[in-house]
Amino acid sequence: MSGDSGVVTDVCLEAKEVSKLYPGTIALDKVNMKLYKGKVNVLIGENGAGKSTLMKIIAGVESPSDGKIIFNGKEVRFNNTREAGEAGIGIIHQELNLFPNLTVAENIFMAREIAKFGKINEADQKARTKEVLEKLEQAIDPNTLVGELRVGQQQIIEIAKTMIQKKLQILIMDEPTSSLSGAEVKVLFRLIEELKQQGVAIVYISHRMEEIMQIGDYLTILRDGKLVASEKVKSIDLKWIVTNMVGEERQRVQIKKNKNIGKEILTVKNLVLPRADGLALDNVSFSLHQGEILGIYGLLGAGRTELLESLMGKNYGDLMGEVFVDGTLTKPTSVHKQIKNGFAYIPEDRQKEGLVQTLSIAQNLTLSSMDNYTKSFHLVNSKEEHAIKQTVKDFFIKVSNTSLPIFSLSGGNQQKVVIGKAILTSPRILLLDEPTRGIDVSAKADVFKIVNKLAESGLGVILVSSELKEIIDGSNRVIVLSKGKLTGEFRGDEITEHALMEAATKV
């Protein structure tokens with residue numbers, strides 16, 4: 001294949017018929033992909049398409065179940081990231097992989113320490129760290145604890161970690177701009193251009209279409225673990241990308257949805273949430289009815305989580321706009337107040353925000369509703385035990401003993417505990433942020449049974465999901481966000497994969 005200059009573009013790595021099987025899941029199914037030296041090789045696809053799995057195999061995080069990885073003309077199989085790193089392959093993970101209680105310099109040189117006379121040369125590491133950060137145009141002190149940095153700066157540290165690798169040949173970037181400001185994105189793009197000039201192959205995973213069209217050279221699309229398309233970026237347009245990402249409208253088994261939609265219980269008018277480089281929410285208005293499941297779809301950075309957090313009182317200091325419950329203006333000033341106002345929130349990260357890992361299953365279940373089980377400052381054990389027993393039954397939680405620690409449960413059962421904990425506060429409005437993330441198919445089905453049962457009981461439900469099939473199958477109505485703006489609203493037969501994706505990719 002020829003590059004833009006007419007010179008033969010070298011393939012530095014090729015995945016041949018690579019498959020990855022997990023119990024009950026085919027994450028990759030005979031995928032082929034070529035990476036070209038000095039080019040940005042874009043990899044895209046819906047959530048669960050297999051993008052991160054393929055990159056983890058290349059970077060030594062995972063091993064393929066079948067197929068080959070050909071690197072510089074030779075078949076390789078890396079057993080860990082250290083082996084891949086020594087070969088010249090670096091990866092910037094979507095999930096931050098940092099130690100908050102260590103300094104910036106310590107994080108950057110973790111497992112690559114500079115030693116002198118058997119001791120770590122901290123002065124040298126700090127000097128090298130300062131050089132790398134200056135290159136990234138970041139005035140961050142190498143002695144600063146990473147936990148004290150904002151998320152965007154932590155993302156920069158992840159990028160800096162790869163820059164100290166020797167003989168870097170391939171750099172994998174998994175959603176590298178998800179937490180960066182506009183100015184930081186420009187710095188990253190300049191770095192990418194510099195790495196290209198050095199012959200480094202960049203693998204760029206992103207949902208941001210404008211970035212793909214701006215910096216991409218070659219584009220590969222995965223869907224349901226399979227390769228569906230590969231082309232030069234200059235030869236395609238946005239419509240081509242959307243069509244190949246979504247494919248033909250797929251036959252689905254419809255999840256039963258509540259048809260008895262009641263009165264309007266939530267009205268949101270002109271919500272605006274500023275952030276460092278613009279607006280996380282830009283004049284968003286919508287409504288929610290009793291018994292309705294309102295889906296919110298959007299790509300990474302669209303503002304979905306910010307919207308739910310704002311409704312739950314987590315962004316009050318900066319939030320502008322109006323929220324009405326049953327026609328009465330409600331100021332979301334705190335999480336506690338919003339619980340009292342009838343809101344319940346299921347966060348995306350159940351481990352960090354939804355559960356207390358040191359507590360038992362029973363203690364986690366009743367944590368947010370303790371007022372219901374106390375009398376004159378004393379806990380009424382029988383009342384609490386009845387609530388726990390009934391919730392375990394109603395929410396299909398598979399557990400032999402609720403006094404066991406919460407971490408003894410599977411991911412799916414932990415998620416049911418998070419939902420059960422929220423429902424024990426007797427909410428009227430349930431906010432769900434990626435409720436099926438990281439759980440198996442059976443648990444997903446249980447979660448949707450629970451959600452539909454709650455809607456039938458009269459709750460208004462707002463469902464955020466990155467998976468098109470879940471949004472389409474599980475929602476009565478769908479609104480779409482793109483860069484903080486509401487770009488579409490769909491009902492009934494209007495709710496299709498193409499319609500949602502087109503609205504989500506509006507710039």
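Values quoted throughout were computed directly from the atomic coordinates according to the rules given, and no laboratory measurement underlies them. Just so we're clear, the structure is a prediction, and the values are computed from it rather than from any experiment. Cβ: placed from backbone, ideal geometry, glycine included. Neighbour counts: every protein chain shown.
Computed from the Cα positions only, the extents of the range 1-154 along the three principal axes stand at 46, 45, 34 Å, in decreasing order.
Of all lysines in the structure, those lying under 17 Å Cα to Cα from LYS20, and not within fewer than 8 positions of it along the same chain, are LYS30, LYS51, LYS56, LYS68, LYS226. FRET efficiency for the pair THR243 and GLU353, taken as 1/(1 + (r/R0)^6) with r the Cβ-Cβ distance and R0 = 35 Å, rounds to 0.45. LEU300 label point, 7 Å along Cα→Cβ, cut-off 19 Å on backbone N: hits in the range 17-61? Only 28, 40-61 fall inside the zone, counting backbone N under 19 Å. To the nearest ten degrees, helix 122-135 and the longest principal axis of the Cα atoms of the chain are 90 degrees apart.
Positive-end ranking of ILE423, VAL380, ASN401 along the dipole of the range 366-426, with charges on Cβ about the Cα centre, is headed by ASN401. For the range 399-507, the relative contact order works out to 19 percent when only alpha carbon pairs closer than 8 Å and six or more residues apart are counted. As a length-normalised measure over Cα pairs under 8 Å and 6 or more apart, the relative contact order of the chain settles at 15 percent. Only Lys, Arg, Asp and Glu carry charge here, each on its Cβ (+1 for the first two, -1 for the last two); on that basis the chain has a dipole of about 740 debye about its Cα centre.
Ignoring aspartates and glutamates fewer than eight residues from LYS337 along the same chain, the ones with Cα atoms less than 15 angstrom from its Cα are GLU309, ASP371. The three principal axes of the Cα atoms in the chain give end-to-end lengths of 72, 57, 45 Å, sorted in falling order.
Put simply, when 319-326, 113-120, 85-92 are sorted by average Cβ atoms within 10 angstrom per residue, most first, you get 85-92, 319-326, 113-120. Derived from the Cα gyration tensor, the three semi-axes of the equivalent ellipsoid of the range 420-507 are 24, 15, 13 Å, largest first.
Taking only the C-alpha atoms of the range 358-429, the Rg (one decimal) and the largest Cα-Cα distance, Dmax (whole number), read 11.7, 37 Å. Diffusion of the range 142-198 by Stokes-Einstein, at 10 °C in a medium of 1.306 mPa s and with Rh set to the Kirkwood radius over alpha-carbon pairs, works out to 129 µm²/s.
When the Cα atoms of the range 62-152 are aligned to their principal axes, the ranges along those axes come out at 44, 36, 24 Å in descending order.
Note on GLU137/LYS506: beta-carbon distance plugged into 1/(1 + (r/R0)^6) with R0 of 22 Å gives a FRET efficiency of 0.15.
Once the Cβ-Cβ distance between SER400 and MET370 is put in as r, and R0 is 25 Å, what FRET efficiency do you end up with, to the nearest 0.05? Don't skip to the end; give the middle numbers.
On the way: r = 24 Å, r/R0 = 0.98.
The value I calculate is 0.55.
Using a simple spin-label model with pseudo-atoms 7 Å out from Cα toward Cβ, LYS389 and PHE377 lie 3.0 nm apart.
How much length, in nm to one decimal, is gained on full extension between LYS167 and HIS336, taken as 0.36 nm per residue of separation minus their Cα-Cα distance?
Numbers: separation 169, 0.36 × 169 = 60.84 nm, distance 5.23 nm.
Gain on extension, LYS167 to HIS336, equals 55.6 nm.
Enter the angle in degrees (range 0 to 90, nearest 10) between the Cα long axis of helix 411-423 and the first principal axis of the Cα atoms of the chain, meaning the one along which they spread out most. Approximately 40 degrees, to the nearest ten. Summed over qualifying helices (DSSP H, 4 residues or more, each -39500 (n - 2.57)) and divided by its residue number, the chain shows a 222 nm mean residue ellipticity of -9000 deg cm²/dmol.
Given 0.36 nm per residue, what is the gain on full extension from VAL272 to SER230 after removing their alpha carbon distance, in nm? All intermediate terms of the calculation are to be shown ahead of the outcome.
On the way: separation 42, 0.36 × 42 = 15.12 nm, distance 3.88 nm.
Gain on stretching VAL272 to SER230: 11.2 nm.
Note on the range 297-434: Cα-only Rg and Dmax are 16.0, 49 Å. The stretch between LYS74 and ASN260, if pulled fully straight at 0.36 nm per residue, gains 60.8 nm over its current Cα-Cα span.
Under a model in which nothing but the beta-carbon of Lys, Arg (+1) and Asp, Glu (-1) is charged, the range 433-499 shows a dipole of about 180 debye around its Cα centre.
Take each peptide in 422-434, 133-145, count the other Cβ atoms within 10 Å of every residue, and average; sorted highest first, the result is 422-434, 133-145. Evaluated over the range 368-507, the count of Lys pairs having alpha-carbon atoms less than 18 Å apart is 26 (only pairs 8 or more residues apart or interchain). Derived from the Cα gyration tensor, the three semi-axes of the equivalent ellipsoid of the range 314-364 are 27, 13, 8 Å, largest first.
Taken over the Cα atoms of the range 21-97, the convex hull encloses 119 Å³ per residue.
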